[in-house]
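Take a look at the structure set out below.
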């Protein structure tokens, strides 16, 4: 049950990231590498968008 809940949460997080940064393409392999690691996720989004890390963290924090 806990695993399903975590997977549902992960799916929601990925969907939110893809919605917010819809102009960028995030493939599943990239996302899986950053799963559960906020810094890696922020780095990935920063590399793709060039957006400042503090802004990325603020946006992610809004839906976590």
Degrees, to the nearest 10: 53-63 long Cα axis against longest axis of the chain: 30 degrees
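Between residue 33 and residue 12, 0.36 nm times their residue separation minus their Cα-Cα distance comes to what?
Roughly 5.9 nm would be gained on extension.
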Most fluctuating residue given options 28, 43, 15, as computed from a GNM of the chain linking Cα atoms under 10 Å: 28
Relative exposure of 41, 31, judged by other C-beta atoms within 10 Å (fewest first): 31, 41
Top of 16, 24, 37 by mean-square fluctuation, Gaussian network on the chain, Cα under 10 Å: 37
Helical contribution to [θ] at 222 nm, DSSP H n ≥ 4, -39,500 (n - 2.57), averaged over the chain, rounded to 500: -24000 deg cm²/dmol
Net length gained if the chain between residue 61 and residue 49 were fully extended (0.36 nm per residue, minus Cα distance): 2.6 nm
For the stretch 2-63, projected area of the alpha-carbon convex hull averaged over all directions, nm²: 4.0 nm²
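Since every read-out is calculated from the coordinates, none of them should be taken as a lab result. Here the structure is a predicted model, which means the values were calculated and not measured. Note that each Cβ is placed from the backbone with ideal geometry, even for glycine, and that neighbours are counted across all protein chains shown.
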